[in-house]
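Shown next, in structure tokens, is the structure this report addresses.
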Amino acid sequence: MKPKRLESELQDVGTFSHPKQNLEQYATTPALATKVLHLAAVEFGDIEDKSVIDLGVGTGVLAIGAKLMGAGHVLGLDVDMDALSECKENLEMYEPELEVELVLMDVIELIRRYDDYDEQESDESDDDDDDDDNNNGDGKRKDYVWPKADTVVTNPPFGTRRKGADVAFLAAAMKMADTAVYSFHKTSTREYIQKVATKKLGAKSAKVVAEMKYGLKNQYGHHRKDEVEVFVDVWRIEPTCKMKRDGNNDEDEIFEQNLRDLAANIEELQLSARERKDKHRSSKNSNNTSNTSNRR
Ligand code: SAH
């Protein structure tokens, strides 16, 4: 699909109707989404027929764009049920409806619990109440199996509300990607991201492939101006594949068990999401009956 066509197809994707400041909900514009997805698809061959995860899917512009550019299975993850509902509505707008799997997941909490990632940059690392016994003595499980895809795209929280959120997202993205991660970061953090990606997270390569000017509308009222310009880098990062399996039976068994754990984990999250949604619904006394927690 040509860029002009993609951009026009993305024009009607609804954005956050009630953006949540603490989750840094800023939707990518159709123009920027087109720029990144076209680059990923045409320059690097990372979209067409590839499985794609959109980390922090929000209302879905990147996931939808990936699907329109010919991606195979697309999975959208977000911690916010309202965003997933809006994303589902956006998917239903297309004819035929676009197939994107949506799962409620707290990416930051997962990386904090299940990885050896050190959240030293974060303000929130001192309340670790992890009581798992399957850890290496430091409270972190090493055997968690992450959802996997060829390509991960993410416009993460930039870490202005929750310090370290940008890097936590990047760490999770690198766990999930087999081939490439496309991640947006403030240009002012370029040196830092380069170091984190290559030194701390062990990337094979990390390059800025596009530079963008982001006009952040004053949707929260805490900026003095109506629109604040933020310079943003789009990174293409190749992770090292730490999960290569070599036919070793024990490893295969662990892998299968991890898959089962993951399924149970997702089920649990969906259940609690449904409960929250029901509560929300009855409190709003609304007659909206859409079901969005997860679908294929
Ligand atoms: N991908 C969308 C939204 C980007 S805004 C777009 O490009 O338009 C960042 C998204 O990350 C929001 O949808 C927000 O809800 C989500 N997010 C923030 N913290 C998260 C967390 N801990 N786990 C998962 N998603 C999170």
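The values are calculated or read from the model by the stated rules, or taken from the named source; none is laboratory data. Everything quoted here is computed from the prediction, not taken from an experiment. As a convention, Cβ positions derive from the backbone with ideal geometry for all residues, glycine included, and neighbour counts pool all protein chains shown.
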- Message: Suppose the filter is more than 13 Å from the ligand (Cβ to nearest atom) and at positive phi; does D12 pass it?
- Response: no
- Residues satisfying the stated conditions in region 22-47, i.e. more than 14 Å from the ligand (Cβ to nearest atom), part of a loop (DSSP other than H, G, I, E, B) and either crowded, with 24+ Cβ neighbours inside 10 Å or free of Cβ contacts under 8 Å to residues at least 12 places away in the same chain (or both): G45, D46, I47
- Message: For the list (1) within 11 Å of T151 (Cβ to Cβ); (2) surrounded by fewer than 24 Cβ atoms within 10 Å (Cβ to Cβ), I need the number of the one condition that I53 fails.
- Response: (2)
- Note on the structure: Flagged in region 63-84 as touching a residue at least 40 places away in the same chain (Cβ under 8 Å) and either in contact with a Phe, Trp or Tyr (Cβ under 7 Å, 6 or more places away or on another chain) or within 19 Å of H18 (Cα to Cα) (or both), in numbering order, are L77, V79, D80, M81, D82, A83, L84
- Message: It is to be established whether one or more residues within region 67-89 are surrounded by fewer than 22 Cβ atoms within 10 Å (Cβ to Cβ), among the acidic types (D, E), out of contact with any strand residue (DSSP E or B) (no Cβ under 9 Å at 6 or more places or on another chain) and assigned to a loop (DSSP other than H, G, I, E, B).
- Response: no
- Task: Please state which of the following conditions S51 fails to meet, knowing it meets all the rest: (1) within 15 Å of the ligand (Cβ to nearest atom); (2) touching a His at 6+ places or on another chain (Cβ under 7 Å).
- Result: (1)
- Item | Number of the exception - L110 against (1) on the phi > 0 side of the Ramachandran plot; (2) within 11 Å of the ligand (Cβ to nearest atom) | (1)
- Query: Any chance region 215-238 includes a residue that's surrounded by 14 or more Cβ atoms within 10 Å (Cβ to Cβ), at pLDDT 90 or above, closer than 23 Å to I53 by Cβ and basic (K, R)?
  - Reply: yes
- Message: Can you list residue pairs whose Cβ atoms sit under 9 Å apart, with the first residue in region 97-110 being in a helix (DSSP H, G or I) and the second being of a type in the set (K, R) and near the ligand (Cβ under 10 Å from one of its atoms)? Count only pairs 6 or more apart in sequence or on different chains.
- Response: I108/R162
- Item | Number of the condition not met by D82 [criteria: (1) under 15 Å from the mean Cα position of the chain (by Cα); (2) near the ligand (Cβ under 10 Å from one of its atoms)] | (1)
- Query: All but one of (1) more than 18 Å from A27 (Cβ to Cβ); (2) assigned to a helix (DSSP H, G or I) hold for F169; which doesn't?
  - Reply: (1)
- Task: Name the single residue, out of those in region 90-102 being of a type in the set (D, E) and within 19 Å of the chain's Cα centre (by Cα), that is surrounded by the fewest Cβ atoms within 10 Å (Cβ to Cβ).
- Result: E99
- Cβ-Cβ below 7 Å, separation at least six or inter-chain, first residue in region 142-157 and more than 16 Å from D178 (Cα to Cα) and surrounded by 24 or more Cβ atoms within 10 Å (Cβ to Cβ), second of a type in the set (V, I, T) and modelled with pLDDT of 85 or more: which pairs? N155/T28
- When only residues in region 183-216 that are hydroxyl-bearing (S, T, Y) and under 12 Å from L170 (Cα atoms) count, which is farthest from the ligand (Cβ to nearest atom)? T198
